[in-house]
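Notes follow once the structure below has been shown.
The values are calculated or read from the model by the stated rules, or taken from the named source; none is laboratory data. Here the structure is a predicted model, which is why all the values come from computation and not from measurement. As a convention, Cβ positions derive from the backbone with ideal geometry for all residues, glycine included, and neighbour counts pool all protein chains shown. Accessible surface is based on the protein model in full, side chains and every heavy atom, while ligands, DNA and RNA are left aside. Shrake-Rupley method; radii C 1.70, N 1.55, O 1.52, S 1.80 Å.
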Amino acid sequence: MKRFTNEITVDAKILGDHLKFRSGKQTQNRFLKAALTERVSSFDPQNPTKHGLPSQTLLNLYDKWGNGQFGAILTGNVIVDSTHLESAGNAIIFKEGDGPERRELFGKWSKNIKQSGSLAFVQLSHGGRQTPVTVQPNPFSASSVQLAGERRFTGFGKPVELTIEQIQTEVIDRFAYAAKFAYETGFDGVELHAAHGYLLAQFTSPTTNKRTDKYGGSLENRLRIILEIYDAIRQQVPTEFIVGIKTNSVEFQEQGTTVDDAKEMCSIFEEKGFDFVELSGGTYEKIAFHHLRESTKQREAFFLEFAEKIRPVFKNTVVYLTGGFRTVKAMVEAVESDATQGIGLGRPITAEPDLPRKILSGQVASSIANNFDENNFAITNLASNSQMEQMGRTTFAEVHNNILANISDFSNTETSDRYLEAVKGYSEYMKNEASQGKPIHGVLRFD
Ligand SMILES: Cc1cc2nc3c(=O)[nH]c(=O)nc-3n(C[C@H](O)[C@H](O)[C@H](O)COP(=O)(O)O)c2cc1C
């Protein structure tokens, strides 16, 4: 198994510092497990109130991460409206599907996350116009600006502009309901997903928000929905419940959010009282999980130069930076230079669920490498989902002596080549499902 580097050149100690949230709780270290959609919860077209129930695979997966010594662990996107998914197989919190079974499963989920001291956060999201057309032909959005192109061979419907009343009932109320549910099922907090082009980002970005009412136009108006969700959540939960947000530091597209907009938005989040902001970037139209410039490659984090510009606005709000971190050296430097306080990790921790533990104990200098083209998010994303499904096949107790036992090592050429072959077959399957109008549920199962 190959790592990005085996050379330990810096002390990882600083990554073990606590981060204290203004509402009271603190983390055991600086690591954040980023949101990674799992797509392994139930999806039952015959019985939509049963959509989005966490599966045993999902619980086992978080049993692994829950033993990985993260400061905080985010779930993958959990959707607040069962008709506006990011994908079939998302976990969902919605009043129409509430009941003892869902509560028990979410309770087990938070318990698995928290077993070695990590804080547990639910990432709350709404697909808006990025909902696959096979799930929702007439999705809600800020305005009726349709998303061109396809994802996983599936297109997107023409959106319906939410009325002012629907903004309240279909969005704000649903986010607040889900946050209360998260609190009641044992989670320490929620993160609003306002990055990557999902519904809340459709409001903040001028590319997709063409409204002329109080939810469109000025930056203040475009942010209004988020601030109203924040207030609605705060009314439902005790003060120590953590409320954070994932936002784009930049969108890299015409009329998209610029770093100056992002800075202003973040200063409003700081003033509003958000416990943390996680900085990311890009949308479905402009995926940004790779280096756009040679100059940022060395420092690894894709959005570091934007984070540095935004950073001064944060005083009481904790800031996390996610995307691109692979070596301890780059993580330590990002913290020491004060570009960020927390380090978000995505793809590296699907290859190795206990990476923070190994970094903090000085065992490793970097994450496990892989042979895929780093710039090909489609492949690295599929590969991560397959590794997550593999992790979900066993509990932590069953493999605790060798936690990597059944996770594919994509730094091995034979394995990565075989995976690329498997992707060809899976692509045919996805095309076929999509051409029949069927939502794609689950992930590529790889042995
Ligand atoms: C399999 C996969 C699923 C993802 N799902 C989500 C998600 O549900 N919510 C989200 O905000 N970001 C999601 N992302 C983006 C990650 O949170 C993260 O921002 C991105 O992968 C960059 O970090 P990395 O370079 O450490 O992987 C996903 C990424 C991957 C690879």
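Points worth noting:
- Cα gyration tensor shape of the stretch 89-135, rounded if a/c is under 1.5, else prolate or oblate by comparing a/b with b/c: oblate
- Taking only the Cα atoms of the chain, the radius of gyration and Dmax are 20.2, 59 Å.
- Cross-link pairs beyond the 21 Å C-alpha cut-off, checked among K297/K329; K108/K358; K64/K431; K20/K315: K108/K358; K64/K431
- The stretch 251-324 - accessible surface per residue (Å², probe 1.4 Å): 42 Å²
- Taking every protein chain into account, the 1.4 Å probe leaves I403 with about 20 Å² of accessible area, to the nearest ten.
- Under Karplus coefficients 6.51, -1.76 and 1.60, residue-wise ³J(HN,Hα) of the stretch 239-253 in Hz, glycine/proline x: 5, 7, 5, 8, 10, x, 8, 9, 9, 7, 7, 5, 10, 6, 9
- In percent, rounded to a whole number, the relative contact order of the chain is 19, using alpha-carbon pairs under 8 Å and six or more apart.
- Long-range amide H partners of F94 with built H, under 5 Å: none
- Å² of accessible area per residue within the stretch 18-121, as computed with a 1.4 Å probe and no ligands counted: 31 Å²
- Averaging Cα coordinates gives a centre for the stretch 88-163 and one for the stretch 290-344; these two points are 28 Å apart.
- Å² of accessible area per residue within the stretch 174-234, as computed with a 1.4 Å probe and no ligands counted: 26 Å²
- Linear extension gain, S144 paired with D447, 0.36 nm per residue minus alpha-carbon span: 104.8 nm
- Paramagnetic label reach from M1 (point 7 Å along Cα→Cβ; backbone nitrogen cut-off under 20 Å): within the stretch 43-68, residues 60-68.
- Near-label residues of the stretch 171-210 by backbone N, under 17 Å of a point 7 Å along Cα→Cβ of I164: 171-173, 210
- Using 0.36 nm per residue and subtracting the Cα-Cα separation, the extra length available between Q115 and Q253 on full extension is 45.5 nm.
- Per-residue Karplus couplings for the stretch 346-362, computed as 6.51 cos²θ - 1.76 cosθ + 1.60 with θ equal to phi - 60°, are listed in order as x, 4, x, 8, 8, 7, 7, x, 10, 4, x, 4, 5, 5, 5, 8, x Hz, Gly and Pro entered as x.
- For the stretch 108-119, Karplus couplings with θ = phi - 60° (6.51, -1.76, 1.60), whole Hz, Gly/Pro x: 5, 4, 5, 5, 4, 5, 8, 5, 10, x, 6, 7
- Taking only protein heavy atoms and a 1.4 Å probe, the accessible area of the chain is 48% carbon and sulfur.
- Per-residue [θ]222 nm for the chain (sum of -39500 (n - 2.57) over DSSP H runs n ≥ 4, rounded to 500): -10000 deg cm²/dmol
- Among L382, V364, I310 - extreme Cα towards positive end, dipole of the stretch 291-420, charges at beta-carbon: I310
- Each label point was placed 7 Å from the Cα along the Cα-to-Cβ direction; for E240 and N375 their separation is 4.9 nm.
- Here's the picture: a label point sits 7 Å out from the Cα of E184 along the beta-carbon direction, and within the stretch 80-98 the residues with their amide nitrogen under 12 Å of it are 94-98.
- On the basis of the beta-carbon distance and an R0 of 25 Å, D213 and D173 show a calculated FRET efficiency of 0.85.
- Relative to one another, the C-alpha centroids of the stretch 378-447 and the stretch 247-263 are positioned 33 Å apart.
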